[in-house]
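The values are calculated or read from the model by the stated rules, or taken from the named source; none is laboratory data. All values reported here derive from a predicted model rather than from experimental measurement. Don't worry about glycine lacking a Cβ; one is built from the backbone with ideal geometry, like all the others, and counts go over all protein chains shown. Remember, those area values only see protein heavy atoms, side chains included, never the ligands or the DNA or RNA. Shrake-Rupley method; radii C 1.70, N 1.55, O 1.52, S 1.80 Å.
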Amino acid sequence: MIAPIAVALTVGLLGWTYRALKPPPPKICGSPDGPPVTSPRIKLSDGRHLAYREAGVPREEAKYKIVVIHGFGSSKDLNLPASEELVEELRIYFLFFDRSGYGDSDPNPSRSVKSEAYDVQELADKLQIGSKFYVIGISMGAYPNSCFLILLNGRSYFGNGFSHFYRLAGASLVAPFVNYWWPCLPANLSNDAFSRLLAQDQWSFRVAHYTPWLFYWWMSQKWFPSLSILAGNMAIFSQSDLEILKKWSEAPSVGQEKIQQQGVYESLHRDIMVSYGKWEFDPMDLINPFPNNEGSVYIWQGYEDRIIPFQVNRYLSEKLPWIHYHEVPDAGHLLIFESKNCEAVLRELVQR
C-alpha cells in the first residue's frame, strides 16, 4: 500500500509544481478569447503587432520627432505634462507605443533588450517618421535606449541588421533603470544601492536574475511578500512622487485599464525578467555615438528617487563623460511627470 500512495503523492506534487510554475497563456488582442483591438497598430517583421499613439503637431509639420518609451506598468497612453505652447513653439511630434505585451501590443515570448530596440526601429520605419528622430526612455523604458546606443555604434554584439540606427538624433534616459548585476559596477556600489531597496524587492529581483523560470510562481505565491510596487507599498515613493500620484488618482489617464489586459506575465513579469536578466552587453561598452556633436545623450535622475538609487546613474555618467547628467535635487522617480522637469527634458534634448 505504501508504494502506490507514494507514487500518487509524487505525481500529485509534480502536477501541482507544473501548474504553479507555468504562467497562463496570454489573451492576445483580437483573438476569440482576448480583448478587442482599440488602437492603431503596425505589423512587425516577425508577425507581431505594435500599438501606437501620435500626439503633438502633425507628423508632416514637425521640426522634431520624438519616440517615447514608457516604463514599467505604463503604456502609450501616458501623458507628458508639456504645455501646448511649448509643443507648438518647438514643433514637436510625439510617437508613443505599447511595448510588447502591454496594452494592445502583442506579447513577445522572445523578448529581450535587443528586441525592444528593434521594435522602436521598425515602428519608426513603418510610420515613416523621417530621417532623424529622438528617443526618450522612461524608467524601465530606458533599457531599449541603451541598446540603441550600442547599435548606433555598429558594435558586433548582435550580429548584422542594425545599419539604420544612425537615424537617432539624440536620446534622454529619464530615471533610467539599473541592473545591479552589471559587471561594470563596483561591488561596493551595487551592494550599497541594492541594500537600499525594500527586502521584498531585493528577493524579487534575485529570483528574476538567478531563476527566471521561478518568477511567475514567486509573483503568484502568498507565503512571502513579492514586488512592493504591485502590492501598493507607498514607501518606495518620495514626497514629490506621492504628490504626482495623488493628482493621477484624482484624474486617471484614459487607457490605463488596458495596460495588463493580455496578462500580467507577458507585460509586467516579463519586463522584470528581461531587465534583471543577463544582458548581452555592459553599459561600459557604450561609446559616444555623437563624436562630432551632431547629437547628445542625457540622463535625468531624481536625487530623492527611492526606486532607482541616484548613486548608480551618477557613477555611470562619471565613467561615460559624454553623457550629460542632470540630478534634480527635489525630484523622485516620477520627475518627468512634473511640468517644469518635463519641459526641461524636451528643450535640452532638441535644442542643445
Matching residues, the stretch 277-298, being aliphatic (A, V, I, L, M), surrounded by 17 or more Cβ atoms within 10 Å (Cβ to Cβ) and part of a loop (DSSP other than H, G, I, E, B): Leu286
Looking only at the stretch 258-296, and only at residues there that are among the basic types (Lys, Arg) and over 14 Å from Met140 (Cα atoms), the one that is modelled with the highest pLDDT: Lys258
Unmet requirement for Leu90, which otherwise passes all of (1) open to solvent by less than 20 Å² (accessible area, probe 1.4 Å); (2) within 17 Å of the chain's Cα centre (by Cα); (3) at pLDDT 95 or above; (4) within 24 Å of Ile336 (Cα to Cα): (2)
Close pairs (7 angstrom Cβ cut-off, 6 or more residues apart or separate chains): more than 20 Å from Glu304 (Cα to Cα) and touching a residue at least 24 places away in the same chain (Cβ under 8 Å) in the stretch 182-203, in a helix (DSSP H, G or I) and not small (Gly, Ala, Ser) anywhere: Trp182/Pro283; Cys184/Pro283; Cys184/Met284; Leu185/Val312
Selected residue (criterion: most open to solvent (accessible area, probe 1.4 Å)) from residues of the stretch 221-245 that are among the hydroxyl-bearing types (Ser, Thr, Tyr) and more than 21 Å from His209 (Cα to Cα): Ser240
The one condition in (1) open to solvent by 10 Å² or more (accessible area, probe 1.4 Å); (2) assigned to a loop (DSSP other than H, G, I, E, B); (3) in contact with a strand residue (DSSP E or B) (Cβ under 6 Å, 6 or more places away or on another chain) that Tyr134 fails to fulfil: (2)
Some residue of the stretch 57-66 being of a type outside the set (Gly, Ala, Ser), open to solvent by less than 20 Å² (accessible area, probe 1.4 Å), closer than 27 Å to Pro81 by Cβ and modelled with pLDDT of 90 or more: yes
Complete set of residues in the stretch 172-212 that are open to solvent by less than 60 Å² (accessible area, probe 1.4 Å), part of a helix (DSSP H, G or I) and over 19 Å from Tyr303 (Cα atoms): Gln200, Asp201, Gln202, Ser204, Phe205, Val207, Ala208, His209, Pro212
Odd one out for Pro32 among (1) open to solvent by less than 30 Å² (accessible area, probe 1.4 Å); (2) over 15 Å from Glu116 (Cβ atoms): (1)
Residue satisfying all of: in the stretch 217-236; of a type in the set (Phe, Trp, Tyr) and without any contact (Cβ under 8 Å) to a residue 60 or more places away in the chain; nearest to Leu198 (Cα to Cα) among these: Phe224
Set Gln261, Gln301, Gln311: member being open to solvent by less than 10 Å² (accessible area, probe 1.4 Å) and touching a residue at least 60 places away in the same chain (Cβ under 8 Å): Gln301
Qualifying positions in the stretch 220-253 - of a type outside the set (S, T, N, Q) and in a helix (DSSP H, G or I): Met234, Ala235, Ile236, Asp241, Leu242, Glu243, Ile244, Leu245, Lys246, Lys247, Trp248, Glu250
Residue that is farthest from the chain's Cα centre (by Cα) [pool: residues in the stretch 321-345 that are part of a loop (DSSP other than H, G, I, E, B) and small (Gly, Ala, Ser)]: Ala331
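Every residue, every condition in (1) out of contact with any Asp or Glu (no Cβ under 9 Å at 6 or more places or on another chain); (2) more than 15 Å from Arg306 (Cβ to Cβ); (3) of a type in the set (S, T, N, Q), yes or no:
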site	(1), (2), (3)
Ser238	no, no, yes
Trp248	yes, yes, no
Ser253	no, yes, yes
Tyr265	yes, yes, no
Search result, residues across the stretch 243-295 that are polar (S, T, N, Q) and within 17 Å of the chain's Cα centre (by Cα): Gln256, Gln260, Ser267, Ser275
